[in-house]
Amino acid sequence: MPSFLILSNGHGEDLSGSLIGQELKLQGHKVEAMPLVGQGDFYNKFAINVLGKLKTFTTGGLGYTSLKGRLKEVFQGQIIYLLQKIIKLLYIVKRYDCLIVVGDIVPILAAWLTRKRVIVYLVAYSSHYEGKLRLPWPSQFCLRSSRFITIYSRDSLTAKDLSRQLKRPVIFLGNPFMDQVVTPVEKLSGYSQRIGILPGSRLPEVENNIILLLKVVVCLPHENLLNNKLSLDMALINSLSDANLSNLINNLGWKLVYSTDKSKPSYMRFKDYRVNIYRNSFINVLQSSDVVLAMAGTATEQAVGLSKPVVQLSGSGPQFTVEFAEAQRRLLGPTVFCVDTMQSKKNKFETTAELIIDLLDRVKDDSALKNECNKQALNRLGTDASTANKIVVDLLKSINL
């Protein structure tokens, strides 16, 4: 059977790449992966062999968002690390019939250098950012190559825009990272409304994000938290241990409490405020939420894809900065809200809490908001539970395999 190598460069890219790889494996193809950023955890989850040494950088591969980030990556050796990856790729690429790129300029250029046939899923590029996508020169040059057999985009606007720019078909079939979250799971119960809290997935940024998010929580009105009216549910990564979480929140006056009932989650408590902690239950939290409070990348996109109104809280980065949050709003549309865009002299944590309460009221009866959430979910993300399968079926046809 034909063999494939997946190149990806980021957390969300690894997720999509692993889902495509899983579908290829189910059809009997040999699949391996070379993540260019991070540890490739999603590939390991699906038993897809990960090639080469892996290294995580404090910028999370997002140094391009600032000069400080770029310099930090240089000093940490990321340029040398990527060059070593590309050299290894050129050495081993003869083992594979086709490369699958999930990402942006770095894996695209690396794939072009191999002179192999390439399939591309442009998860990192969207015309929603500026109305017209401005591809960096190497990407545009490479994507016009006849060796790049098929190009998939992350939304319909980008597919139309790039088809015109590249003078070749660019296809939108949806986003594989939505596959798992749209399949219904058992929802959390016991409260009339729920706020899902997403602090992100990159350490140590997630620790700083939790501190900021808890500042919003303590600004929520007490009356909303009484009599099982409102539940606050945080989806937390396993790499932030209970011990480290406890040390982090103790400095803020919060305490980590373990439930005596093993069927119930542990939680953080401060006075009347309680935030339930869910590990390995991200999809349950997301599907159960009425409103999502987020400082995350892919997870926020998944929330919008599930037609959830999202409230952003920008931080100090390296990912979820003011600039990143503003770009994310352009990418995901008008159902992502942020107080940074509003004219207000109030404390931003207080204003964010007020915005959340307003949205909680609106999601009950505001049909216009519901319709807008559904519209943006369809146009920006796609809502099919089998996108990875559709991409695999299509790409196999395109390379006559």
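Observations
- Exposure proxy for SER16, SER281: other Cβ atoms within 10 Å of each Cβ, ordered fewest to most, give SER281, SER16.
- The packing ranking, built from the mean of other Cβ atoms within 10 Å per residue, places the peptides 28-37, 226-235 in the order 28-37, 226-235, highest first.
- Relative packing of 381-391, 250-260, which averages over residues the other C-beta atoms within 10 Å, highest first: 381-391, 250-260
- Rounded is the label for region 184-381, because a/c, from the alpha-carbon gyration tensor with a ≥ b ≥ c as root eigenvalues, stays below 1.5.
- One Cα centroid belongs to region 1-43, the other to region 278-297; the line between them spans 25 Å.
- With a threshold of 26 Å on the Cα-Cα distance, the over-threshold entries among LYS45/LYS132; LYS160/LYS397; LYS255/LYS370; LYS375/LYS397 are LYS45/LYS132; LYS255/LYS370; LYS375/LYS397.
- Principal semi-axes of the equivalent ellipsoid, √(5λ) from the alpha carbon gyration tensor of the chain, are 37, 23, 20 Å from largest down.
- Of VAL339, SER259, HIS29, farthest towards positive along the dipole that unit charges on Lys, Arg, Asp, Glu beta carbons give the chain: HIS29
- MRE, 222 nm, helices only [DSSP H, n ≥ 4, -39500 (n - 2.57), over the chain, to nearest 500]: -12500 deg cm²/dmol
- With both labels modelled 7 Å from their Cα along Cα-to-Cβ, the ASN247 to ARG168 distance reads 5.1 nm.
- Extending 7 Å from Cα along the Cβ direction at LYS264 and again at GLU186 yields two label points whose distance is 1.7 nm.
- Computed label-point distance, nm, for sites LYS132 and ASP358 using a 7 Å Cα→Cβ extension: 3.5
- By the compact-protein rule of thumb, 2.2 N^0.38 Å, the alpha-carbon radius of gyration of region 268-347 corresponds to a ratio of 1.17.
- Ranked PHE46, PHE337, criterion: other C-beta atoms within 10 Å, fewest first: PHE46, PHE337
- By average C-beta atoms within 10 angstrom, highest first, the peptides 158-165, 310-317: 310-317, 158-165
- Order of ILE87, ILE20, ILE210 - criterion: other Cβ atoms within 10 Å of each residue's Cβ, fewest first: ILE87, ILE210, ILE20
- Its Cα gyration tensor gives region 165-211 an equivalent ellipsoid, and the semi-axes of that ellipsoid, as √(5λ) in whole Å with the largest first, are 33, 22, 9.
Coordinate-derived values only; no laboratory data. It should be emphasised that the depicted structure is a prediction, and the values quoted were computed from it without experimental measurement. Backbone-built Cβ (ideal geometry, glycine too); neighbour counts: all protein chains shown.
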